[in-house]
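Student: Pasting a structure below so you can have a look.
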Amino acid sequence: MSTMRHAGQQGPTGVPDPVGTGQDPWAAGDTGPEGEPESVPAPVRVVIIGAGKVAHAAHLREIRDLPQLIRPVAVIEPDPRQRAALMAGFPHLAVCSTPEESVWAGATAALVLSPWWTHRDAVLGCLDAGLPVLCEKPVSLDPAEIDELIAAEVRTGVPVTAGYMKRHDPVVQLFIEHCREHAATARRIAVDIHDPNAPHLVDHLVPYPPPPFGPQPPPAEAALVRALGEDASATQREVYARGLGGSLIHQVNIVHAALDGSGRELYGSLEHSMQWAGGSAVSCRWRPDDDLVVEVGHLRLPAHRRYRETLEFTGTDSVATLTLPSPYARDEGATLHVDTWDAAGMSTRRTHRAGPARTGFREQLRAWTRSVSWIPDPGPRPAPRPGIWPLPGLREVRADALAVREAALRLT
């Protein structure tokens, strides 16, 4: 059994493809300096844990386009309809009930795509089976559960990567770089999201009618009570599960990455947190120090036809404006405008675009599969830019959860 545990190693994590190229630099057929074929990694053999909406709308269609990097070999999904929909596209999967069974079926890593309140048990099972994990966000909204997962990761030596797919978008990484390089001048970071969160965004991507937007199921409610405490109100639990923990936790992670190394923290610096429109809108304001304010807002607007997300960094001599499409869109990409002024007042604008199909989901799979692949002779690779490329892990998950949990408990 021990020979089947961890098929890869946590090597140089998150090395991206060069921005703007569509060719995989690890593709088979490249040759080494002597004209001999280089060793290339075999596709990572994964077990898919959870075959619901996010699996079909995002991960599985990227997996189909990356056969050289990733190959599903097993599925764990109790819902027969969802399992059948997955197996219609991947007919040779082994149907398993535990991560350990999937190891015997050939899995060497796991994609945990099940509902968030199931993640603790799924991830713990994977770690005990020796399977490196990529877990969809939020990995957990309960700090106690996150601490338990961190301890299990340390105990087993098997890595967990958090599914913050936006962090792998090359244009988002340029935004983070700009924030870090201009941290001393930072005065405001703002996040504004208009989210339909409506069926028209994904129903054409899911091979069965997506579940309607409705109340949290009983297991989710129980998990929210554990995470927030029994004194939390129903509104606090709802906003924590959706506007804060279900959506804005992505952007809180980006802000944390942008502030990394500056000594500024969100948790403990919350000035206010408010909800309106029955919890379908939420905004928070943090003040990490006297010079910087961080403001984030999420509005659920089902009648809107398009998702809109804007992050803006304002410094004393620059403004960086990042716009992102729907996370499920493949025909448009992120755009970053950076406006700067010199001492004479002359302005310069630089614009960066990722282009179609450079989705965060795709780049995340590239980065993660390479981090857990065994590569005998990898050859030259693009050098990672300091501090940007390492895959987000459980300690980032913990920092993000503490910040949004504090905001949920302070809602007015």
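Student: List the extent of the Cα atoms of segment 73-145 along each of their three principal axes, largest first, rounded to whole Å.
Tutor: 38, 25, 16
Student: Quick one: dipole size for segment 107-163, taken about the Cα centre, charges +1 on Lys/Arg Cβ and -1 on Asp/Glu Cβ, in debye to the nearest 20.
Tutor: 160
Student: For Leu409 and Ala144 in one chain, what is 0.36 nm times their gap in residues minus the Cα-Cα distance, to one decimal in nm?
Tutor: 93.8 nm
Student: What whole-number value in Å² describes the accessible area per residue of segment 221-328 for a 1.4 Å probe? If you can, show how the numbers build up before the last one.
Tutor: Values: 4390 Å² over 108 residues.
Here the residues of segment 221-328 average 41 Å² of exposed surface.
Student: What accessible area per residue comes out for segment 136-189, rounded to a whole number of Å², with a 1.4 Å probe?
Tutor: Here the per-residue accessible area is 30 Å².
Student: Pop out the carbon and sulfur fraction of the accessible area of the chain as a percent, whole number, probe 1.4 Å.
Tutor: Details: 9440 of 17470 Å².
Ligands and nucleic acids excluded, carbon and sulfur reach 54 percent.
Student: A further question follows. Could you tell me what percent of the DSSP beta bridges with both partners in the chain are antiparallel, to the nearest 5?
Tutor: 60
Student: Go through segment 272-377 and name the trypsin sites (Lys or Arg not before Pro) that are in a DSSP coil and have 16 or fewer other Cβ atoms within 10 Å of their Cβ.
Tutor: Arg305, Arg306
The values are calculated or read from the model by the stated rules, or taken from the named source; none is laboratory data. These figures come from a predicted structure and were not determined experimentally. With ideal geometry, Cβ positions are generated from the backbone for all residues, glycine too; neighbour counts draw on all protein chains shown. With ligands, DNA and RNA removed, areas are computed over all heavy atoms of the protein, side chains included. Shrake-Rupley method; radii C 1.70, N 1.55, O 1.52, S 1.80 Å.
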